[in-house]
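Have a look at the structure below before the remarks.
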Amino acid sequence: MRVLWLFLLLPIIEIALFVVIGGEIGVWATLAWVVLSAIAGMALIRFQGQQAALDLQQSLQELRNPSQPMAQRSFKMLAGMLLILPGFFTDALGLLLLLPPVRSLILRQIAARVKTSSVGFGYSGGFPGAQRPGGSNGVIDGEYVVQDDPYIPQSSGQIGPGDSSQKPGNSGWTRH
């Protein structure tokens with residue numbers, strides 16, 4: 001129900017601010033603000049997306065928990081999306097999200113409401129289930145099927161149907 005109210009009130013707030021602020025600064029300044037904030041929002045989203053990927057990669061290489069940097073970048077990307085939306089209220093919210101104390105406050109509020117039952121982060125040196133079946137004697141059981149390849153390299157170096165000088169089933173990759 002809160003989301004419904006938000007969708008109903010947001011356009012009303014934005015229209016009211018357009019009328020009031022647009023009346024003070026003029027039409028062209030209002031339009032310039034909307035266009036410039038949208039361009040800034042797109043640039044911010046692009047930059048933060050690239051940085052988020054780099055942060056994640058670096059955190060995983062250093063075996064650190066990537067949640068804090070990723071949450072910070074996510075809020076910066078949300079700020080960019082709010083800047084893209086036309087309106088002074090959403091721009092103000094987006095600019096507020098760019099301030100580190102505001103992001104930290106929001107993250108603390110979210111963390112206070114989230115309950116975790118267990119957290120694990122580590123490296124065991126291998127993948128789960130990567131042990132060899134049948135012990136560690138160095139033997140790996142397997143099956144193979146020999147398939148005839150109709151395109152066997154010819155003596156001229158061209159690839160085409162095999163000639164009669166080669167044995168059937170010889171692909172040229174192994175010696176028989």
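Among 99-106, 58-65, how do they line up by average Cβ neighbours within 10 Å per residue, starting with the highest? Before the final figure, lay out the partial values.
Numbers: 99-106: 13.0, 58-65: 11.1.
So the order, starting with the most tightly packed, is 99-106, 58-65.
Subtract the Cα-Cα distance of I15 and A53 from 0.36 nm times their separation in residues, and report this length gain in nm to one decimal.
Here the answer is 10.0 nm.
Multiply the residue gap between I106 and N65 by 0.36 nm, knock off their C-alpha separation, and tell me the result in nm, one decimal place.
Result: 12.8 nm gained on full extension.
All of the numbers you see were taken from the coordinates with simple rules; none came from a lab. Just so we're clear, the structure is a prediction, and the values are computed from it rather than from any experiment. Please note: Cβ atoms are built from the backbone with ideal geometry, for glycine as well, and neighbour counts cover all protein chains shown.
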